[in-house]
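Worksheet: one structure, shown below.
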């Protein structure tokens, strides 16, 4: 008697899975992943793309702020490294990737 009721339950669950109950059970999980993608992953990829475009466009004379908070003017720009003048006669070498923000021209004079 117990075995026949177990077979009856198993048969109804298989037919329920085929009729779409399984998809409705997974729908909230699918919606959570879609929400996670559109709220977190996609904007982060967009910001990374904008940052890469900005660092690729850096050239001599641009005024920048680095990730460390150093403000300076680019005196040399290579493929990977830049020379940054942080004070008159003081230059440092930095990775291009460490540039956080590109400032408008004349910002350093306005700050000082």
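What follows draws every value from the coordinates through simple rules; no lab data is involved. Predicted, not measured: the structure shown is a model, and the values here were computed from it. Don't worry about glycine lacking a Cβ; one is built from the backbone with ideal geometry, like all the others, and counts go over all protein chains shown.
Tell me, Kirkwood radius of the stretch 58-111 from alpha-carbon pair distances, in Å?
Value: 10.8 Å, from the Cα pair sum.
Distance in nm between label sites at residue 41 and residue 57, each 7 Å beyond Cα in the beta-carbon direction?
Inter-label distance under the simple model: 2.8 nm.
Taking a ≥ b ≥ c as the square roots of the Cα gyration tensor eigenvalues, with a/c under 1.5 meaning rounded and otherwise prolate when a/b beats b/c, else oblate, which class fits the stretch 30-80?
Prolate is the answer for the stretch 30-80, as a/c is 1.5 or above and a/b outweighs b/c.
How many angstrom separate the Cα center of the stretch 68-112 from the Cα center of the stretch 20-66?
First find each Cα centre; the distance between them is then 28 Å.
Listing 90, 66 from the residue with the fewest other Cβ atoms within 10 Å to the one with the most, what is the order?
The order, fewest Cβ neighbours first, is 90, 66.
Which order results if 64, 80 are arranged by neighbouring Cβ count within 10 Å, fewest first?
Ranked by crowding around the Cβ, least crowded first: 80, 64.
Could you check the simple spin-label distance between residue 97 and residue 70, using points 7 Å along Cα→Cβ, in nm with one decimal?
Once both label points are built, they end up 1.7 nm from each other.
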